[in-house]
Amino acid sequence: MKRIFDTQLIGPFAAMVIVALIVALTTERFLNPGNLSNLSLQVSIVALIAIGSTIVIFAAGIDLSSGSMVALLTMILAQMLKFVGIPLVLALPLILLMGGLLGLFIGLITAYGRIPSFITTLAALIAFRGLALTFNNGSPIFSLDPALEPIFYGKLFGVPMPFFYLVFFYVLAAFTMNFTKLGREIYAVGGNPAAAVLTGINVRKVQTTTFVIAGFMTAVGAILMSARLNSGSPNYGQTLELQAIAAAVVGGASLAGGRGNILATLMGAMTIVIVQNGLNLNAAPSSVQNIVLGLIILLAVGIDMWRAEISGLMGRVFGRPSSQQSSNVKKEA
Amino acid sequence: MTPATPLWEFVDITKAYPGVLANDKVCIRLMPGSIHGLLGENGCGKSTMIKTLSGVQQPDSGQILHNCKPVTISDPQAARELGVATVFQEFSIVPTLSVGENIFLGNMPRSRFGVIDWTKVHNEAARVLAEMDVDVSPETITGSLSVGEQQLVEIAKAVAMDARMIILDEPTAALGEDEIERLHQLLRNMRERGTAILYVSHRLDEVERIVDEVTILRNGCVVRASGETKINVSEIVSAMVGEDIGEHYPKERNATKDIMLEAAGLATNLGVKDVSFSLHRGEVLGLGGVLGSGRTEIARALFGTDELTAGQISLNGKPVRFRREIDAIRAGLALVPENRKFDGLFFNFRASGNVTAASLGGLSRFGVLNLKAEEQATHDLIRDLEISTQAEEKTVNYLSGGNQQKIVIARWLFSASDILILDEPTQGIDIGAKIAVYKLINRLTRTGKSIILISSDHDELLAMSDRIAVVQHGTIVRTVDASDLTHDDLVRASADTPQSKPKEAFA
């Protein structure tokens, strides 16, 4: 347990609490039960997709494809439900499978074709959006299936369903990353691929697996997106990939790979959504929201980069240097 | 003996960092026309001294005298103006630039209009290289040169700025024997011309060969300063470590008659050809040869990294085929790579993650890791191998080179491998840690494990091996008992290369 709830969580957790406090103090309606439940709805899609994005980042890759993949998968789901007549219970697993297969495809090209994931997923970002437009002459498809909406809007014991998906997938992801061979191998590949090869880890297989996970989680996000709007559209999910990566980064994941805590990504996603929510409640225009989101990303990475300086400053202010800081100094000496 | 005045003199230089007294009243005299060896274990204060002399930092107290006059070296630029050039261990050349550009980097000759005077760059660079007797064109892209030649370019920078004092921090760590000889010849020439040279090295055999005087540091203090011409290696070691360490190479002979591994006619696309040898249980088989002779490639062929194009490996008499590293690891082989930073360690993990990385399959059930067993095993290995206990809590980037190397070796103790290939296992670690590695080798062979040792330190190779296979051009030319070989034999045998590297490629 010590392993999951380690010090890496303190920063992102503090950031989330501070942001929530600021919004709560400045915005009356923020703490309304209605708004809080709305918040968990808002965060769910990006936070679920961010699980995959973060795991790819742990293995020193990057996934830019998820937003477009959401659009493509909502169109395929809509097509299946509305025009092909495949029942919902069959369509949903098929979408999950398809997400995994698309991820597998990207992963194989990246790992075995030795093309950087920035390029393969950038290509996928563009191509998937194009593919989504080939369905229904590029028009959205509405009113898919009445049974679809409860997946997103349904409640269990008064709690919105997406809350349970978040708990389920984050617990699963945290378990995988911290307690399984696969999780350890992902961190190893991200930390030092050359050393991983020489310790017998199948680096390409591990890299491919991270993209399969990302594709699967994107499919989960796509299903929720379709359920939320009871539709499919080639325009869904724009910049969702960037928000998911932002969640990982705000959560402290190193883009160089090998470092980070998956639960921190959830906090990163929460931080971003709370800010957006606060701005919404105060009727800020979307331009301002984007500017603020950009600043949050900078600030989050900045705080991470300047951690030593900041804790040194804290030490001087409060007269007690943190143990981390003092031991760093000794090492450099 | 020399009535001449010292070029530089440190008088009672003291420098403290938080919690560490790095230099404690250090005195040193650097004479013109003399090569001064600076020795000591990691953390003894050598780098602090170098930083002070090159203006990177200021001493807390004490005096620096230049030609007997007190001076302040306020920054690296001031050091340069006083004629001090420092060649740091990590190269400061830009591989994508030409040799000439690198030599004048930051100091480019300009013409009247402020444009770089390329004619002058090339002519001056060519003059410096000729003066140094280095056969490299100033237009060559530096990255295409061998590591040794890049090192010479680094020194050419110092020569070009007419440095009267050159500091070399472990200049030979990455060089082969013939390149070291070339560097030494260059240093001797510079000494003739009256340059003062401060030479830092972990390789005592070279120190013996080239240095005129030595200063030895321990815990920030000078423990020995000698102007003697003859330097006794074992005395140096004792002075550095601070106690009589007894045998520098505590070799145990544990070789048996059983053949553990047999290689017959191995060849790969990376230049390994017709390699045949046998490795006995409990034996240390040394691979000797110059840098680039193919020793590392032989290791790669054995470990399944490079595909065999011919030949057969047998383990305990049974033929095996390794398609990739994991096959070799499962069969009981282990590789401690030459470059622990790039190929060995996971800097994002604590000791535990590094120790178990090659054994995750055995450590898990249905894909779930047994973290308790991992922590316990790591704890035991840290205690056994006397690794810093910090390694349990902190990621391994906080550890010294010696501790890091022990962790890489611990990985293969945990995986219970039978055959360990150690590629330059003591490179860049201090004497104390080296001896710990030698004792570890003994302990492994005592329990019936076999070792293939690759080392460019000839003394180490001769002392720690049972037999030595001399490697030239990717093949083993002969295998002899280590006791039948002297240092000179080995140098000659491994450098005996009729088709030496074609010079034209770099002209």
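Helix B:431-446 and the longest principal axis of the C-alpha atoms of chain B enclose an angle of approximately 10°. At full extension, B:Ser61 and B:Val491 could sit 150.2 nm farther apart than now, given 0.36 nm per residue minus the alpha carbon distance. Under the combined filter of DSSP loop state and at most 12 neighbouring Cβ atoms within 10 Å, the stretch A:55-147 retains these chymotrypsin sites (Phe, Trp or Tyr not before Pro): A:Phe142. Take the Cα of A:Val292, step 7 Å toward its Cβ, do the same at A:Leu90, and the gap between the two points is 4.7 nm.
What number of lysine-lysine pairs in chain A show an alpha-carbon separation below 28 angstrom, given a sequence spacing of 8 or more or placement on distinct chains? Spell out each step's value before the answer.
Numbers: A:Lys2/A:Lys181; A:Lys2/A:Lys330; A:Lys2/A:Lys331; A:Lys82/A:Lys155; A:Lys181/A:Lys205.
Close lysine pairs found across chain A: 5.
A full extension of the chain between B:Asp384 and B:Trp118 corresponds to an added length of 89.8 nm, given 0.36 nm per residue minus the alpha carbon distance. Between helix B:401-414 and chain B there is an angle of about 10 degrees, using the helix long axis and the longest principal axis of the Cα atoms. Projecting the Cα atoms of A:Leu104, A:Ser68, A:Leu131 onto the charge dipole of chain A, computed from C-beta unit charges around the Cα centre, puts A:Leu104 farthest toward the positive end.
Lys-Lys pairs in the stretch B:14-120 that are eight or more residues apart or on separate chains and whose Cα atoms lie under 28 Å of each other come to 9. Taking the helices alone, chain A has a mean residue ellipticity at 222 nm of -24000 deg cm²/dmol, built from -39,500 (n - 2.57) per DSSP H run of at least 4 residues and averaged over all its residues.
Give me Rg/Rg_expected for the stretch A:55-111, where Rg uses Cα atoms only and Rg_expected = 2.2 N^0.38 Å with N residues.
Working: Rg = 13.4 Å, N = 57, 2.2 N^0.38 = 10.2 Å.
The value comes to 1.31.
Put a dot 7 Å past the Cα of B:Ala78, heading toward its Cβ, do the same for B:Asn107, and the two dots end up 1.8 nm apart. Within the listed set A:Ala173, A:Ala195, A:Ala132, the Gaussian network model of chain A (springs between alpha-carbon atoms below 10 Å) gives the highest mean-square fluctuation for A:Ala195. When both the stretch B:412-432 and the stretch B:147-178 are represented by their alpha-carbon centers, they are found 29 Å apart. Within straight-line reach of B:Lys257, meaning a Cα separation under 15 Å, sit the following aspartates and glutamates at least 8 residues removed in sequence or on another chain: B:Glu283, B:Asp466, B:Asp481. By other beta-carbon atoms within 10 Å, ranking B:Thr172, A:Thr26, B:Thr356 with the fewest at the front produces A:Thr26, B:Thr172, B:Thr356.
Dimensions of the stretch A:90-169 based on its C-alpha atoms, expressed as ranges along the principal axes with the largest first, amount to 49, 35, 22 Å.
Summed over all non-identical Cα pairs, the Kirkwood treatment of the protein assembly as shown gives a radius of 30.6 Å. Shown here is the pair-distance distribution of the stretch A:29-152: with all Cα-Cα distances grouped in 10 Å bins from zero up to the longest one, the shares run 12, 35, 32, 18, 3, 0 percent.
Entry note, chain B: relative contact order of 15 percent, from Cα contacts under 8 Å with a spacing of 6+ residues.
Dipole magnitude for the stretch B:8-241: about 760 debye, using +1 per Lys or Arg Cβ and -1 per Asp or Glu Cβ, origin at the Cα centre. Assuming charge only on the beta carbon of Lys and Arg (+1) and of Asp and Glu (-1), the dipole of the protein assembly as shown about its Cα centre is about 2600 debye to the nearest 20.
How high is the FRET efficiency from B:Cys68 to B:Ile259, r the C-beta distance, R0 56 Å, rounded to 0.05? The partial results should precede the final answer.
Working: r = 67 Å, r/R0 = 1.19.
In this case the efficiency is close to 0.25.
For chain A, the relative contact order comes to 33 percent (Cα pairs under 8 Å, sequence separation of at least 6).
Below 8 Å between Cα atoms, with a sequence gap of 6+, how large is the relative contact order for the stretch B:8-241 in percent? Write out the running numbers ahead of the final one.
On the way: 442 pairs, mean separation 68.3, N = 234.
For the stretch B:8-241, the relative contact order is 29 percent.
What's the longest uninterrupted piece of chain A once you rule out the trypsin sites (Lys or Arg not before Pro) that are loop residues per DSSP with at most 12 other Cβ within 10 Å? Counting at most 12 other Cβ atoms within 10 Å as exposed, the longest clean stretch of chain A is A:115-333.
By its C-alpha gyration tensor, with a ≥ b ≥ c as the square roots of the eigenvalues, how is the stretch A:34-303 shaped: rounded for a/c under 1.5, else prolate for a/b larger than b/c, else oblate?
Values: a/c = 1.61, a/b = 1.23, b/c = 1.31.
Oblate, because a/c is 1.5 or more while a/b does not exceed b/c.
Think of the protein assembly as shown as a dipole: +1 on every Lys or Arg Cβ, -1 on every Asp or Glu Cβ, centred on the Cα centre; then among A:Gly302, B:Gly332, B:Tyr199, A:Gly302 lies furthest on the positive end.
For the stretch A:103-128, backbone nitrogen atoms closer than 19 Å to the point 7 Å from B:Arg324 Cα along Cα-to-C-beta are found at A:104-117. Relative to the current alpha-carbon distance between B:Val480 and B:Phe366, full extension at 0.36 nm per residue lengthens the span by 36.2 nm. Shown here are the Rg and Dmax of the Cα trace of the stretch B:135-208, at 12.4, 36 Å.
Per residue, the convex hull around the alpha carbon atoms of chain B comes to 171 Å³. Calculated on the alpha-carbon coordinates, the convex hull of the stretch A:152-205 measures out at 89 cubic angstrom per residue. Shape summary of the stretch A:178-237, radius of gyration then Dmax from alpha carbon positions: 16.5, 50 Å.
Taking beta carbons within 10 Å but only from partner chains, what does the mean come to for residues B:411-417?
Details: counts 3, 1, 0, 0, 2, 0, 0.
Average per residue, whole number: 1.
Membrane-span-like helices of chain A, defined as complete DSSP H segments with a Cα extent of 20 Å or more along the helix axis and a mean Kyte hydropathy of at least -0.5, are identified as A:10-26, A:33-58, A:88-112, A:117-133, A:161-179, A:203-229, A:262-281, A:286-305. Among A:Leu101, B:Leu461, B:Leu333, B:Leu315, a tally of other beta-carbon atoms within 10 Å of each Cβ gives an order, fewest to most, of A:Leu101, B:Leu315, B:Leu461, B:Leu333. Computed over chain A with a Gaussian network model linking Cα atoms closer than 10 Å, the most mobile of A:Glu241, A:Glu309, A:Glu28 is A:Glu309. Among A:Val220, B:Val284, A:Val275, B:Val56, the ranking by other beta carbons within 10 Å of each residue's beta carbon, starting with the fewest, stands as B:Val56, A:Val275, A:Val220, B:Val284. Principal-axis analysis of the Cα atoms of chain B puts helix B:177-192 at an angle of about 20° to the longest axis. Shielding value for A:176-189 is 4, the average number of Cβ atoms from other chains within 10 Å of each residue's Cβ. On the principal axes of its alpha carbon atoms, the stretch B:8-241 extends 51, 38, 32 Å, with the longest extent given first. For peptide B:338-344, the mean count of partner chain Cβ atoms within 10 Å of a residue's Cβ comes to 3.
Only the coordinates and a few stated rules stand behind these numbers; no lab work does. Nothing here was measured: the structure is a model prediction, and the numbers come from that model. Methodologically, a virtual Cβ is constructed for each residue, glycine included, from the backbone with ideal geometry; neighbour enumeration extends over all protein chains shown.
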